[in-house]
1. Show me the strands (runs of 3 or more DSSP E) entirely contained within the stretch 84-128 in which 3 or more residues are within 25 Å of L184 (Cβ to Cβ).
2. Name the one entry in R204, R194 that is assigned by TED's automatic domain parsing to the domain that holds A137, part of a helix (DSSP H, G or I), farther than 30 Å from G308 by Cα and basic (K, R).
3. Which of (1) in the same structural domain as H208 (by TED's automatic domain parsing); (2) touching a helix residue (DSSP H, G or I) at 6+ places or on another chain (Cβ under 8 Å); (3) surrounded by fewer than 19 Cβ atoms within 10 Å (Cβ to Cβ) does A120 not meet, given it meets every other one?
4. State whether one or more residues within the stretch 262-272 are farther than 21 Å from G83 by Cα, modelled with pLDDT under 90 and loosely packed, with under 14 Cβ neighbours inside 10 Å.
5. Looking at A17, A60, A23, which is the one that is more than 30 Å from A191 (Cβ to Cβ), modelled with pLDDT of 90 or more and either in contact with a His (Cβ under 9 Å, 6 or more places away or on another chain) or outside the structural domain of P298 (by TED's automatic domain parsing) (or both)?
6. Answer yes or no: is there a residue in the stretch 282-300 that is farther than 23 Å from E96 by Cβ, in contact (Cβ under 8 Å) with a residue 60 or more places away in the chain and not assigned by TED's automatic domain parsing to the domain that holds T86.
7. Within the bounds of the stretch 217-234, is there any residue that is among the polar types (S, T, N, Q) and not in a strand (DSSP E or B)?
8. Scanning for something assigned to a loop (DSSP other than H, G, I, E, B) and in contact (Cβ under 8 Å) with a residue 40 or more places away in the chain, does the stretch 310-332 turn up at least one residue?
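The values are calculated or read from the model by the stated rules, or taken from the named source; none is laboratory data. Note that the structure is predicted; figures quoted are calculated from it, not measured. Cβ sites come from the backbone with ideal geometry, for glycine too, and all protein chains shown count toward neighbours.
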Amino acid sequence: MTARGSTAPRSDRSREARPSPDAARAAAGAGTAFHGLIAVDKPVGMTSHDVVVRVRRALASPGAGHLGTLDPGASGLLIVALGAATRAIPVWQGGEKTYEATLRLGVTTRTQDLDGEVIAERPVDVSEARVREAARAFVGAIDQVPPMVSAVRVGGRRLHDLARRGIEVERAPRPITVASWEWLGFALPEATFRVRCSAGTYVRTLAHDLGAALGTGAALASLRRTRSEPFGLEQALPLAELERLAPAESLARAGTPLDRALAILPAIALDAAAAEAIGRGGRPSLADPADAPVGAGPRSVVLRDPTGRALALGELRAHPAGTGVIACPHVVFPWAVREGRS
């Protein structure tokens, strides 16, 4: 459950990512593979991989992958990349996420949620005011130790694999940011809250650490993701409904074509010659970009043809001659590739 916030206002990001029914229908036309994202409302009891397999089967997609894992016990927004969009997953992977969750005070478990083995129980003699006050220490930039049930690798092994074998290892804390922690209701020993947080944040660990700070212990009772910026749960289809509908209707309602999904990146408009060079493995020289970053990393810009279609993800590098830039593609989409690559 990870995310990294971006700098655009939330309302603007939501508008950018909201699928256009006309565009989605066009992209999902008969005999045309869909390349883009689809928002799914994941049910409790399934892994994120299970959802991907079922989405791929329902939509007859040649490839699929998910953005941001949801544990089997969690529900809510899961973004699935389809077709060539799987090659661009890192572009959307770091968006800030919002969760609604319920924790139960007075219990500590090995997995930091109520599905795990109980290792301690304590009386809950704290007030709502004290819980609110203690939670303030977990807002802002903090360090968090990932749980043993996470997919973080230590010594080349995933922690959850070690945990299944009964092995616990020391984990280094990692920096995260909790942008906000809002309490939605109290029925002690349970309390419901909403958090906005960055990439690498484990909500179960927030609950566990809050319980430790209160001296009562705590474990996560439920978790639902409502946003994965710039996407929201209001755009998502329940998995069962997605499987019931025709693929074209599912994509029209919850799909975001790749061209639109990549609108969160600065765009470089190529002329026909530069687009041809990109398709043949070249690195065309361009005039100085107006607003696009130079040297910002391998997926920092989207290179588009004269019609606006995304051809590749790449970066701009300063030209050795001192004028202009060089377009360096790192991911070239299949439709852009030309025979006779140089």
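1. Per the criteria, 97-105, 107-109.
2. It is R204.
3. (2)
4. no
5. A60
6. yes
7. no
8. No, there is no match, as no residue in the stretch 310-332 is assigned to a loop (DSSP other than H, G, I, E, B) and in contact (Cβ under 8 Å) with a residue 40 or more places away in the chain.
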